[in-house]
Amino acid sequence: MTALLHVKDLRAYYGQVQALHGLEFDLQEGSLTTLLGANGAGKTTTLRSICNMIRSTGSIEFEGKKLDNKSTESIVRLGIAHVPQGRGTFTTMTVEENLQLGAISRKDIKAIGDDIERMYAHFPVLKQRHTQQAGTLSGGEQQMLAVARALMLRPRLMLLDEPSFGLAPLIVRDLFKILGKINREDKVSILVVEQNAQLALELADKAYVIETGRIVMSGTADEIANNEDVRKSYLGY
Amino acid sequence: MELFTNQVLAGIATGAIYACMALAVVMIYQAIDHLNFAQGEMAMFSTFVAWQMMQWGMPYWGAFALTLIFSFVGGIVIERALFKPLAKAPVLTHVAGFIALFAIINSVAGLTWDFTIKQFPSPFGSSPFLGSQLISTHQAGMIGVTLVLLVLLFIFFRYTRVGLAMRAAATLPESARLVGINTSWMIALGWGMAAAIGSIAGMLIAPVVFLEPNMMGGVLIYGFAAAVVGGLSSPLGAVIGGFLVGVFENLVGTYIPGVGNELKLPIALALIITVLVVKPNGLFGRTIVKRV
Ligand SMILES: Nc1ncnc2c1ncn2[C@@H]1O[C@H](COP(=O)(O)OP(=O)(O)OP(=O)(O)O)[C@@H](O)[C@H]1O
Ligand SMILES: [Mg+2]
């Protein structure tokens, strides 16, 4: 197997403050990988570095191509969809306009309509609300919209920053089920950042644990889930 | 009563000038999130370009079309050369940039075409419109052009992909980049469109106020007033705001004793401030529904 995403010696900075200290990890083609860590560990920073939204050094390769020095929008156009922390919803626009924006960089304009219908099949509630202003959706609905918007890119890789944040447990389960389905059926590789370690580990095949800007542990999701330290610090039993 | 109706009609006719300028103001506000104080000067310069082409013998509509293209490209060039390098600078730096641009364009126009007033033709003629003494065919044409422009802008923003991308880039630049929108070019495009709309405003205003380098000073302030009254986010609001300001100005001038031409400008400024205090989003600005 070849790595779809290959991150080496990644260091990221907020002004003078260094947030990542030589991070290294791989994401295999077709994998659903999770990055676990406590508040402030550097999860969001990692995702932001991949999309060049923050100053960083080191090397990030996607499909063998270096991403350094590429602008955020051109990285996205390579097929990396990023659902940011806070969801990034265009709240003043309608649900459908949000979906169209997800596909705004695509050239195959004729196929976009069909894809919107596919999103409505994944998330029926979005269809009911397609003319509604996105800001009026509930938190869970907005998260579904954010995932659907990202999928409208027809990405090769999807980066998700704490999709469970602020959602009721039942809704999180639903959402994660859909993510698993998208990963298997639509062949979208997924990197999901989570504080909700238990659910993330059930869903993922591979896991990394990040602490103060460094990877401190890696393995299959099962290995990590059964690790003594992880159980104590992240799973709470 | 007849005096009142007449004054309202005349107000709508002048209001069309402000409405047209306000459209350009809203356009740039959408793109860069603040006002461009040099917008009037850009419009004035475009109008001189049209005038020059007509002096060289080009027919009106040919000069009109070429001026549109010139202004669109010129707007983009100004953004790329002057304001893109300032993208991360604080607002005050931008304001300084606008003032510099204002001064440069004004003096270049003065040097090239001097400060004597010039006649600028109207494509609609200047006979009474439908026999009315208060509104001329030119003013009627101007109202028509403003409304057509409004409809075109509405269609552009609502139904085209570029329009959607521009709105996204204006409201949430970071999210816009994350769906692959080149926000920097969207700003340049906004400048181009604003300059083109401004040039239309200039060419329509010139037959009324005469062409000279300072022709847009007052008009731009009224354009700002109109845009603020209507809500800076809404093209429709800007146009309605333009007509309202025109009517308001006329009525105040007619019915309140002592308000001559000199006091009209302070009234526009008072109007801006009143609206900003009472209804910061303008009469037609979007109130954003937010749910946390
Ligand atoms: N804008 C910023 N300016 C300065 N420091 C920042 C900024 N954003 C994050 N940091 C610092 O960088 C480190 C990593 O932050 P990051 O947001 O990546 O954490 P995280 O793992 O995503 O946390 P959380 O689970 O709370 O979202 C933290 O120490 C944080 O204080
Ligand atoms: Mg985070």
*Mind jotting down the distance between the C-alpha centroids of region B:103-136 and region B:197-216, whole Å?*
6 Å
*Tell me, what is the percent relative contact order of chain A, built from C-alpha pairs under 8 Å that lie six or more residues apart?*
27 percent
*Rg and Dmax of the protein assembly as shown over Cα atoms: what are they, in angstrom?*
28.0, 92
*asked:* Quick check: Cα centre of region A:94-139 to Cα centre of region B:16-38, how many Å?
replied: 31 Å
*Residue order for B:Ser127, B:Ser136 - accessible surface, 1.4 angstrom probe, largest first*: B:Ser127, B:Ser136
*asked:* Give me the inter-chain shielding for B:167-177: mean count of other chain Cβ atoms within 10 Å, whole number please.
replied: 5
_Between A:Leu151, A:Leu179, A:Leu167, where does the largest GNM mean-square fluctuation fall for chain A, given springs only between Cα atoms within less than 10 Å?_
A:Leu167
*Shielding by partners for A:212-222, please: the mean number of other protein chain Cβ atoms within 10 Å of each residue's Cβ.*
0
*asked:* Tell me the carbon and sulfur percent of the accessible area for region B:2-278, rounded to whole percent, probe radius 1.4 Å.
replied: 74 percent
*Report, in debye and to the nearest 20, how large the dipole of region B:2-278 comes out about its Cα centre when Lys and Arg carry +1 and Asp and Glu carry -1 on their Cβ.*
700 debye
_Summed side-chain charge close to B:Leu82 - residues other than B:Leu82 whose Cβ falls under 15 Å, Lys, Arg +1, Asp, Glu -1_ = +1
*How far, in degrees from 0 to 90, does helix A:169-185 lean away from the longest principal axis of the Cα atoms of chain A, to the nearest 10?*
90 degrees
_Mean-position separation - Cα centroids, region A:1-69 and region A:197-237, in angstrom_ = 18 Å
*If you count, for every residue in A:88-95, the Cβ atoms of partner chains within 10 Å of its Cβ, what is the mean?*
5
*Rounded to the nearest whole Å², what accessible area per residue is found for the protein assembly as shown with the 1.4 Å probe?*
44 Å²
*Please compute how much accessible surface disappears when A pairs with B, both sides summed, using a 1.4 Å probe, and round it to the nearest 100 Å².*
2200 Å²
*Based only on the alpha carbon positions, what is the Kirkwood hydrodynamic radius of chain A, in angstrom?*
18.1 Å
*Which whole-number percent is the relative contact order of region B:2-278 (Cα, under 8 Å, 6+ apart)?*
40 percent
*Charge dipole of the protein assembly as shown about the Cα centre (unit charges at C-beta), most positive-ward option of B:Val209, B:Thr67, B:Asn36*: B:Thr67
_Kirkwood Rh, angstrom, chain B [1 / mean 1/r, Cα pairs]_ = 19.5 Å
_Greater than 18 Å apart at Cα, pairs in A:Lys8/A:Lys65; A:Lys65/A:Lys206; A:Lys70/A:Lys187; A:Lys43/A:Lys206; A:Lys8/A:Lys66_ = A:Lys65/A:Lys206; A:Lys70/A:Lys187
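The values are calculated or read from the model by the stated rules, or taken from the named source; none is laboratory data. Keep in mind that what you see is a predicted model, and the values were worked out from it rather than measured. Heads up, the Cβs are rebuilt from the backbone with ideal geometry, glycines too, and the neighbour counts pull from every protein chain shown. We work out accessible area using only protein heavy atoms, side chains counted, and drop any ligands, DNA or RNA first. Shrake-Rupley method; radii C 1.70, N 1.55, O 1.52, S 1.80 Å.
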